[in-house]
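A.B. asks: Below is the structure I would like to discuss, written out as structure tokens.
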Amino acid sequence: MEKFQTVISRPAPLDSSNVDTDQIIPKQFLKRIERTGFGQFLFFDWRFNDDGSINEKFILNEKRFEDSEILLSQENFGCGSSREHAPWALRDYGFKVIISTSFADILFNNCFKNCILPIVITEEKLDYLFKSTLEFEDYQVKVDLENLILSDNKNFTEKLDIDPYRRKCLLEGLDDIALTLIHEDKITLYEKASIE
Amino acid sequence: MRPKTLFDKIWETHIVHEEAGKPTLLYIDLHLVHEVTSPQAFEGLREAKRKIRRTDKTFATMDHNVPTIDRNNIKDPISAQQIETLEKNCKEFGIELFDLASPYQGIVHVIGPEQGLTKPGSTIVCGDSHTSTHGAFGALAFGIGTSEVEHVMSTQCLWQNKPKTFEVQVNGKRPKGVTAKDIILSIIGEIGTAGATGYVIEYTGETIRNLSMEQRMTICNMSIEGGARAGMISPDEITLNYLRDKPRIKTLNNLDSLMDDWIKLASDEGALFDETLKLDATKIAPQVSWGTSPGMVTGINNKVPNPKNFEDPVKRKSIEDALAYMGLQADTSIEDIKIDTVFIGSCTNGRIEDLIAASKIIKGNKVSSKVKAIVVPGSQVVKYQAEKLGIDKIFKDAGFEWRESGCSMCLAMNPDKLSPGERAASTSNRNFEGRQGKGGRTHLVSPTMAAAAAINGRFTDVRSFDVDLGEY
Ligand code: SF4
């Protein structure tokens, strides 16, 4: 897996709660059999009008958020299905960090497998980030996973609380399966002990 | 000894490796595979030249994409490719596949229990969030992403952080017309769609104990809609009776001793949960969802909420957005909402008891001339059972379409879709925007409520029908 590096970007503010996986990537795009190329379908029904033209009113389509690598969203981001197509689409579109007050369990998990860092912060701080990114033209947020610091170019700093094991996996781009196979002997022992 | 929960017992017996500060490596007893979340996992195996570790614990079926009319003629070339890819992959890697020609094909969470693949005390995963269904048997069953599918394929294990436990206790006699679907919808309405995030729910209490296995599956199925990692119910005699004659169970040669073990898995008296919620079943009315998330739900005799009554700005905005998408005015009576389509099916409510109950409401009635109604049995076995009972005729005579099994309009990856603005009463589990077709409006209900809505063309209190639904 690719290694997670420090991200500096203006965050894109998606002001919705319970953004579900059907919104992140509608099911008509789940039929591909590759892992790549899903970014074009991200938030499809919001980004595009019925006739296929770009929905100018959708916040992510605004020029100033076009190259965002950080997504802000309200509570319970990513609820719904287990489809990994959701993080594939987010990552392929360009998002490396998602910040919310809470995440759905499976999506949270899937993010770490795809070099995306989901960050949980308080409502108050999230409000601040939402406000700032809309307000300041030069606004930027920095996510430094190595030193566990979330900061901006105003005077906000926040210590990140990330599971140390997951942090290590992200920073080193470790392959989960290879890590598990270190325990091959234990798996075999378990199998021998539990003859069904 | 400290009393243990069902979850504790399963967790402890599946630990392969544990070390401080890291997730636990858990052994997986059953891996179910379907066509949508598996192709990239197989591809990963091929690239890394890995094999499937335990083909005897891995089973596949195709369900999400399959057409429900002419299943041998898949018009969408990409759907067809995904189905063919699964066939090829299963052949190459040596996995048993319940394919479209199999009389046992069906929605993955319907056929697992039906075939007796689902066993109490086991760990079960599938690249699908509704894997929680299998928890009804006292299993620890949860959905995983494609990376994890690949991980289980090659190691038969999974890294898991230990979730917390949440007891949802339901007591009291269910009023007539109130089904398992209404219970789970009202639980989600109560705790919210993220209320159980980070937890595994165990459903307890006399109301749950009195439910049939199929009803218990309906409850566990929607645990994920409350944010839970999994939902489970302790095994009892009802569990064992259901399992006894299932194809892959009845042939086990140590069945009696296994059954003794299974019963002992039940949570011990006095076992502690991290969180508890108590619910009174006598107060539950038939439920109808009005919004775009399963927690946006209310009783049939109530009204659509008014965002003005909510102070929290995030909540108010989400209600406003939902009403705009659903094309509903605040304060509309639920019974005044007219519908265009009825869908009876899915892994939540596509089993035989669901179809029998709905058919009792339908019998002797006609589907409203303004409504298009379809029944999609959860599996080919369910379809066959129903046809043997003559239920298909009841539905067809009333004006329903009777289809082949699959996920169908639950997520509309096959040709069964809502058009923009079309409003459906659906027995499935998600009312997200666009879930049943772009711009489609979904109201989640029980099968009997869906049947009542089909007849009247609007939501109707099923309790006004003078029909004996037995224990359903
Ligand atoms: S019926 Fe619906 S919820 Fe169930 S597995 Fe199929 S798509 Fe998923």
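The values are calculated or read from the model by the stated rules, or taken from the named source; none is laboratory data. The structure displayed is predicted, hence computed values, not measured ones. FYI the Cβ positions are ideal-geometry reconstructions off the backbone, even for glycines, and counts take in every protein chain you see. The protein model used for the area step is the full one, side chains on, heavy atoms only, and it has no ligands, DNA or RNA in it. Shrake-Rupley method; radii C 1.70, N 1.55, O 1.52, S 1.80 Å.
A.B. asks: For residues that are within 16 Å of the ligand (Cβ to nearest atom) and under 25 Å from B:Tyr242 (Cβ atoms), tally how many sit in region B:320-365.
C.D. replies: Counting residues in region B:320-365 that are within 16 Å of the ligand (Cβ to nearest atom) and under 25 Å from B:Tyr242 (Cβ atoms) gives 11.
A.B. asks: Any idea how many residues of region B:178-201 are away from the ligand (no atom under 16 Å from the Cβ), open to solvent by less than 10 Å² (accessible area, probe 1.4 Å) and either part of a loop (DSSP other than H, G, I, E, B) or not β-branched (Val, Ile, Thr) (or both)?
C.D. replies: Residues in region B:178-201 being away from the ligand (no atom under 16 Å from the Cβ), open to solvent by less than 10 Å² (accessible area, probe 1.4 Å) and either part of a loop (DSSP other than H, G, I, E, B) or not β-branched (Val, Ile, Thr) (or both): 4 in total.
A.B. asks: Could you grab me the full set of residues in region A:1-59 that are crowded, with 17+ Cβ neighbours inside 10 Å, small (Gly, Ala, Ser) and away from chain B (no Cβ under 13 Å)?
C.D. replies: Once the filter is applied, which keeps residues that are crowded, with 17+ Cβ neighbours inside 10 Å, small (Gly, Ala, Ser) and away from chain B (no Cβ under 13 Å), region A:1-59 yields A:Ser9, A:Ala12.
A.B. asks: Check region B:298-307 and report whether any residue there is at pLDDT 95 or above and surrounded by fewer than 14 Cβ atoms within 10 Å (Cβ to Cβ).
C.D. replies: yes
A.B. asks: Right, something else. Any residue in region B:343-361 that is assigned by TED's automatic domain parsing to the domain that holds B:Thr448 and open to solvent by 10 Å² or more (accessible area, probe 1.4 Å) sitting within a Cβ distance under 7 Å of a residue that is away from the ligand (no atom under 11 Å from the Cβ) and outside any helix (DSSP H, G or I)? List the pairs, counting only those 6 or more apart or interchain.
C.D. replies: Taking only residues 6 or more apart or on different chains, the pairs are B:Glu353/B:Ser212; B:Glu353/B:Tyr472; B:Lys360/B:Val467; B:Lys360/B:Leu469.
A.B. asks: Would you pick out the residues in region B:422-444 that are in contact with a helix residue (DSSP H, G or I) (Cβ under 7 Å, 6 or more places away or on another chain) and β-branched (Val, Ile, Thr)?
C.D. replies: Scanning region B:422-444 gives a single hit, B:Thr427.
Conditions tested, residue by residue: (1) away from chain A (no Cβ under 12 Å); (2) touching a strand residue (DSSP E or B) at 6+ places or on another chain (Cβ under 7 Å).
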position	(1), (2)
B:Gly121	no, no
B:Ser132	no, yes
B:Leu140	yes, yes
B:Pro163	no, yes
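A.B. asks: While we're here: Can A:Pro118 be described as crowded, with 20+ Cβ neighbours inside 10 Å and facing chain B (nearest Cβ under 9 Å)?
C.D. replies: no
A.B. asks: With the requirement that a residue be under 22 Å from B:Thr193 (Cβ atoms) and either in contact (Cβ under 8 Å) with a residue 12 or more places away in the chain or aliphatic (A, V, I, L, M) (or both), what does region A:113-143 give you?
C.D. replies: Passing the criteria: A:Ile116, A:Pro118, A:Ile119, A:Val120, A:Ile121, A:Thr122, A:Glu123, A:Leu126, A:Phe130.
A.B. asks: How many residues does region B:380-416 hold that are more than 14 Å from chain A (Cβ to nearest Cβ) and more than 11 Å from the ligand (Cβ to nearest atom)?
C.D. replies: 25
A.B. asks: Taking the criterion of being small (Gly, Ala, Ser), surrounded by fewer than 20 Cβ atoms within 10 Å (Cβ to Cβ) and without any contact (Cβ under 8 Å) to a residue 12 or more places away in the chain, would at least one residue in region B:153-174 satisfy it?
C.D. replies: No, region B:153-174 contains no residue that is small (Gly, Ala, Ser), surrounded by fewer than 20 Cβ atoms within 10 Å (Cβ to Cβ) and without any contact (Cβ under 8 Å) to a residue 12 or more places away in the chain.
A.B. asks: Considering every residue within region A:101-121, establish whether at least one is of a type in the set (Lys, Arg) and modelled with pLDDT of 95 or more.
C.D. replies: Scanning region A:101-121, I find no residue that is of a type in the set (Lys, Arg) and modelled with pLDDT of 95 or more, so the answer is no.
A.B. asks: So, restricting to helices (runs of 4 or more DSSP H) that lie completely within region B:1-103, which ones have at least 2 residues that are surrounded by fewer than 17 Cβ atoms within 10 Å (Cβ to Cβ)?
C.D. replies: Once the helices (runs of 4 or more DSSP H) in region B:1-103 are filtered for at least 2 residues that are surrounded by fewer than 17 Cβ atoms within 10 Å (Cβ to Cβ), what remains is B:39-47, B:77-93.
A.B. asks: Residues in region A:123-140: is at least one modelled with pLDDT of 95 or more, under 30 Å from B:Arg46 (Cα atoms), surrounded by 14 or more Cβ atoms within 10 Å (Cβ to Cβ) and under 17 Å from the mean Cα position of the chain (by Cα)?
C.D. replies: Looking for residues that are modelled with pLDDT of 95 or more, under 30 Å from B:Arg46 (Cα atoms), surrounded by 14 or more Cβ atoms within 10 Å (Cβ to Cβ) and under 17 Å from the mean Cα position of the chain (by Cα), one finds none in region A:123-140, hence no.
A.B. asks: Can I ask one more? Count, please, the residues in region B:115-135 that happen to be assigned to a helix (DSSP H, G or I) and more than 14 Å from the ligand (Cβ to nearest atom).
C.D. replies: Count: 2.
A.B. asks: I'd like to check something: does region A:77-91 contain any residue that is outside any helix (DSSP H, G or I), more than 8 Å from every other protein chain (Cβ to nearest Cβ) and surrounded by fewer than 22 Cβ atoms within 10 Å (Cβ to Cβ)?
C.D. replies: No, region A:77-91 contains no residue that is outside any helix (DSSP H, G or I), more than 8 Å from every other protein chain (Cβ to nearest Cβ) and surrounded by fewer than 22 Cβ atoms within 10 Å (Cβ to Cβ).
A.B. asks: Go through region A:96-112 and give me each residue that's touching a residue at least 40 places away in the same chain (Cβ under 8 Å) and open to solvent by less than 10 Å² (accessible area, probe 1.4 Å).
C.D. replies: A:Val97, A:Ile99, A:Leu107
A.B. asks: So, one more: Go through region B:313-327 and give me each residue that's part of a helix (DSSP H, G or I), more than 11 Å from every other protein chain (Cβ to nearest Cβ) and open to solvent by less than 70 Å² (accessible area, probe 1.4 Å).
C.D. replies: B:Leu323, B:Met326
A.B. asks: Also, I was wondering about something else. Does B:Phe432 satisfy the criteria of being aromatic (Phe, Trp, Tyr), within 14 Å of the ligand (Cβ to nearest atom) and either open to solvent by less than 10 Å² (accessible area, probe 1.4 Å) or touching a Lys or Arg at 6+ places or on another chain (Cβ under 6 Å) (or both)?
C.D. replies: Against the criterion (aromatic (Phe, Trp, Tyr), within 14 Å of the ligand (Cβ to nearest atom) and either open to solvent by less than 10 Å² (accessible area, probe 1.4 Å) or touching a Lys or Arg at 6+ places or on another chain (Cβ under 6 Å) (or both)), B:Phe432 qualifies.
A.B. asks: Quick check on region B:435-465: of everything there that is within 14 Å of another protein chain (Cβ to nearest Cβ) and surrounded by fewer than 21 Cβ atoms within 10 Å (Cβ to Cβ), which residue is modelled with the lowest pLDDT?
C.D. replies: Filtering first and then ranking leaves B:Lys438.
A.B. asks: Can I ask one more? Any idea which residue in region B:62-90 is modelled with the highest pLDDT, counting only those that are within 16 Å of the ligand (Cβ to nearest atom) and more than 14 Å from chain A (Cβ to nearest Cβ)?
C.D. replies: Applying the filter and picking the extreme gives B:Thr68.
A.B. asks: Checking the condition in contact with a Phe, Trp or Tyr (Cβ under 8 Å, 6 or more places away or on another chain), hydrophobic (A, V, I, L, M, F, W, C), away from chain A (no Cβ under 14 Å) and within 16 Å of the ligand (Cβ to nearest atom), which residue from B:Phe93, B:Phe98 passes?
C.D. replies: B:Phe98
A.B. asks: Can you tell me which condition B:Glu148 does not meet? The list is (1) at the interface with chain A (Cβ under 8 Å from one of its Cβ atoms); (2) assigned to a loop (DSSP other than H, G, I, E, B), and all the others hold.
C.D. replies: Among (1) at the interface with chain A (Cβ under 8 Å from one of its Cβ atoms); (2) assigned to a loop (DSSP other than H, G, I, E, B), the lone unmet condition for B:Glu148 is (2).
A.B. asks: Of the residues B:Ala424, B:Ala386, which single one is closer than 30 Å to B:Asp76 by Cβ, surrounded by 24 or more Cβ atoms within 10 Å (Cβ to Cβ) and in contact (Cβ under 8 Å) with a residue 24 or more places away in the chain?
C.D. replies: Criteria check complete, one pass: B:Ala424.
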